[in-house]
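Read-outs: derived from the displayed coordinates by stated rules, not from any lab. Quick caveat: nothing in here was measured; it's all calculated off a predicted structure. Ideal geometry is used to build each Cβ from the backbone, glycine not excepted, and the neighbour counts take in all protein chains shown.
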Amino acid sequence: MPIDWVISPPEPALELIETGLHKRAGAVLIGPYGVGKTTLARAAAERFGATYPRVDWVRATTPMAAVPFAAVGHLVEVPDSGKTADVLATARESLGDGRLLVVDDAHLLDTLSAALVHQLAISGAATLILTVAPDCAVSEDISRLWDDGLLERVELSPPGHDDTRLATLVEEFVAGLPATAHRVLEYLAVDDPLPLAEIQALVGGDAVESAVADGAVVVDDGRLRPAHPLFTDAVRDALGGPELRRLRGELVGLLAARPAPGVIGRLRLAVLALDSDSPLPAADLAAAAGEALRLGDLVLSERLARAALPGAPDLSTRLTLAYALAWQGRGRDADAVLDEVDTATLSEAELMAWALPRAANQFWMLSEPERATAFLRATRNRVTTATARTTLDALSATFAMNAGNPVRAIELATDVLASPSADDTAVGWAASAAALSAARTGRFADVDALAERAVAAGHPGLLRFTSGYGQTTALVLAGRLDQARELAQRLADLAQLQQPGRAIGEVLVADVLIARGELEEAVRLLRPAAAALAPTGYSWGPLAWMLLAQALGQLGAAVEAGKALARAESRHGLKSMLFAPELTLARAWAKWARRDEHGAVAVARDAVRSAERGGQNAVALRALVDAARMGDARCADAVARISVECDCALGELALSHGRALAARDAAALADVARRYAESGFRRAAHDAAAQAQR
């Protein structure tokens, strides 16, 4: 290659890579452009690749970063149906055969390719060698691979390397290329890599051969790419916006005349068209927006839907845009889009398709639960079919649960689940709400069957966390903390790092960790989870701050607990009234952290009463355990009363604890501490043991 590259020597880097391949999930090579990261990765693949069933390369590029799954499109097939989690699971299964996967310029991976690479690493289904340029924006999926110690970090910084010198050499090389070779790089600057047939159709075979001979590009498995990404970076910087738009337009004209090959091909064409002088038909953009929404790329879905809306102002396009906005936490914008629909012109099916997301958006994103509930009732009066009414009743059950009335939620959900008119959407909402409501009211025997029915309905989405929280709650009350932790972690891992799913999953994990007494780890999870959930409007957000305040209070971090409590209180409202007992308990632990023990016990009793008023017997028992830990010698009567309706292992422990406190029986307290410890309630065991010594 006609550049005087200053590259890193292969040793000792290859030794470090070998260590990563043998003892970790692989290695990451970090260094500036031009130091030989790709060369070193290739040498490693040649030296160690024979021990793997196969070796594959993924080369991320700037143009591909905007297209979902584009970087791995040559290795996996993205189906025309299925949600993000299902598509990722299928892709992980197809690549997870123990192969060695080399990911070049991993900082440029599109969001979903990055999520797939992350899954392959944490599952151990493939071994990785990544190359990354420092000082670049790197997705959390990728950066956590070495931050969490999954990959061996190999820093490359050879003596004599100078970024400014290299940039000058690259500019001189690119400027000195023959016009035909430069032309090839221009197309690669807007779409990289390009199938050889496409680039030949644009510039001719002779131009491609010239560019290869001049060292500007290489042919790799039927695709043309720059010999070094710095070449296309230099061309892109020199051309400027208008010329790049024109080049994209030429590519769009060529590609639009051919059938787009699959989902990735259609999205690639749509992305090119967005920033070109050759717009696609509005219907094609709208369809691509729907594809991006299905795959979870909300930003791209919004861009495509907005571009399509002037030419396709129909309900389908508006719904796509509204979902993309709402799921980004932009409830006001979503409501404005839905408000422009003339409902008088809608069929009943269209009315339902419009009304359901609008009601949900009002309830959660806009924090207007009263308005949402009234809107739902008004819509129910307009529809005539049993299926439509049943679906609206299912959403009403979800609203009732979140508004702090799980008993009413169970009543509504029971009717929905018994109805022959209930479709999968109705079953998903009703069963998930019923599962969590059953767990919090102490009807543990019903929880698993309801959760399984919710998932089987085929519309899990974020509902899987609602029903899953019911299951983890029941497991905690049964004293099966290891199983609760495993289930919560599995739910979090299903989302990987896709938000808000990951954050909600980590709230579930943190709730179990608090029960186990692993408070530092709970705090570590809850801080970023609460921040990620803050803009979404979901009731999980206030819950995250409540649990964070509880954990910090138990750790004695009074100032931080107070701040978390203030955030919980400011975000709490009718939409999160289900978690009112958790908020009161957070106040109790905040007082405890300030060494106001009498005040803490009094507020913990308020948490018990709050839970009882809402029929949340299981939550009341957890609050009573905390009250006993604080030294409430009067809690035994409340435990005995509630245990009649909520028979479980934790209730038995709480009753023994309360009675031992009332009797000031040191031996009994020591025995309670032992039993807490055997069941995994470590902080409760510590506190009971300390009480036995007083």
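Below are the figures for this structure:
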item	result
Region 252-268-region 557-587 distance, computed between alpha-carbon centres (Å)	50 Å
In order through region 347-352: 3J(HN,Hα) via Karplus (6.51 cos²θ - 1.76 cosθ + 1.60), integer Hz, x for Gly, Pro	6, 5, 5, 5, 4, 5
Highest-first arrangement of 546-556, 343-353, 261-271, 193-203, where packing means the average Cβ count within 10 Å	546-556, 261-271, 193-203, 343-353
Zone residues, region 362-386, relative to residue 342, backbone N less than 20 Å from point 7 Å out along Cα-to-Cβ	none
Residue 421/residue 641 FRET efficiency (R0 35 Å; Cβ-Cβ; nearest 0.05)	0.30
Descending Cα extents along the principal axes, region 162-239, whole Å	37, 21, 20
Rounded to 10°, Cα long-axis angle of helix 558-571 versus longest principal axis of the chain	80 degrees
Compactness of region 441-522 as Cα Rg over 2.2 N^0.38 Å, two decimals	1.05
Beta bridges by DSSP in the chain, antiparallel share as percent, to the nearest 5	25 percent
Rounded D (µm²/s) - region 411-474, Kirkwood Rh over Cα pairs, Stokes-Einstein at 25 °C, 0.890 mPa s	224 µm²/s
Cross-link reach list, lysines versus residue 591, counting only Cα pairs under 19 Å and skipping chain neighbours closer than eight places	563
Rg/Rg_ref, region 13-159, where Rg_ref = 2.2 N^0.38 Å and atoms are Cα	0.97
FRET efficiency estimate (nearest 0.05) - Cβ-Cβ, residue 147 to residue 97, R0 30 angstrom	0.65
Kirkwood hydrodynamic radius over Cα pairs of region 129-179, then Stokes diffusion coefficient at 4 °C and 1.567 mPa s, in µm²/s	93 µm²/s
For region 507-602, the fraction of alpha-carbon pairs in successive 10 Å shells from zero, as %	20, 54, 25, 1
Helix 540-554 vs. the chain, principal-axis angle (Cα, 0 to 90°, nearest 10)	60 degrees
Neighbour net charge for residue 561 - beta-carbon separation under 10 angstrom, K R +1, D E -1	+3
Rounded FRET efficiency, nearest 0.05, which uses the C-beta distance separating residue 46 from residue 206 and R0 of 30 Å	0.35
In Hz, Karplus ³J(HN,Hα) per residue of region 592-597 (6.51, -1.76, 1.60; θ = phi - 60°; x = Gly, Pro)	4, 5, 8, 6, 9, 5
For region 422-429, Karplus couplings with θ = phi - 60° (6.51, -1.76, 1.60), whole Hz, Gly/Pro x	6, 8, 4, 4, 4, 5, x, 5
MRE, 222 nm, helices only [DSSP H, n ≥ 4, -39500 (n - 2.57), over the chain, to nearest 500]	-20500 deg cm²/dmol
Extension reserve of the residue 386-residue 596 stretch, reckoned as 0.36 nm per residue once the Cα distance is removed	70.0 nm
Under 15 Å, Cβ to Cβ, from residue 19 - net charge with Lys/Arg +1 and Asp/Glu -1	-1
Overall dimensions of region 193-297 by Cα: Rg and Dmax, Å	15.0, 43
The chain: relative contact order in percent, alpha carbon pairs under 8 Å with at least 6 residues between	8 percent
Placed amide H near residue 103: partners under 5 Å, 5+ positions off or other chain	58, 129, 130, 131
Identified option (computed volume of the Cα convex hull per residue in Å³; candidates (i) 219; (ii) 170; (iii) 202)	(ii)
Nearest-20 debye value, region 162-239 charge dipole, Cβ charges on Lys, Arg, Asp, Glu	100 debye
